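What follows is a short report on a single structure.
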Amino acid sequence: MSSFADCSIFHFIQGSVPSLAAGLLFGGLAGLGAYQQSKDPKNVWLSLVASGTLSAVMGMRFYNSRKAMPGIIAGASLLMVGRLGLQMMEKPLKP
């Protein structure tokens, strides 16, 4: 509920409905992906798709506007894509 409240407050400050919708969508996908990973550490596909898409979209916004916030989000999402990629290639530990 706190994340939703934060998004709602930011929406009223910023005034952008598409930004609010995108934030709620990607936040929900990231949360669902994290939940899936908590159940099965190798199930990274939803998180990977959400982070990759967010990285591409925010990277394009940063390239076009040169504003700091899209660049920060794109960088953090790109780091997450790298982390998830490494997690996919990791060999399972033998019991």
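Every read-out reported here was derived from the displayed coordinates using simple, explicitly stated rules and does not represent laboratory data. This structure is a prediction, so every number in the text was calculated from the model and none was measured. Cβ atoms come from the backbone with ideal geometry, glycine included; neighbour counts cover every protein chain shown.
Numbers at a glance
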item	result
Residue-wise HN-Hα coupling along segment 19-35, computed from phi with Karplus coefficients 6.51, -1.76, 1.60 (Hz; x: Gly, Pro)	5, 5, 5, 5, x, 5, 5, 5, x, x, 5, 5, x, 5, x, 5, 4
Net charge of neighbours whose Cβ lies under 14 Å from the Cβ of SER55, counting Lys and Arg as +1 and Asp and Glu as -1	+2
Separation in nanometres of the label points that stand 7 Å from Cα toward Cβ, at LEU20 and LEU79	3.0 nm
Sequence ranges 21-27, 61-67, 50-56, ranked by mean other-Cβ count within 10 angstrom, highest first	50-56, 21-27, 61-67
Tensor-based shape of segment 13-94 (alpha-carbon gyration tensor, a/c under 1.5 rounded, otherwise prolate or oblate)	oblate
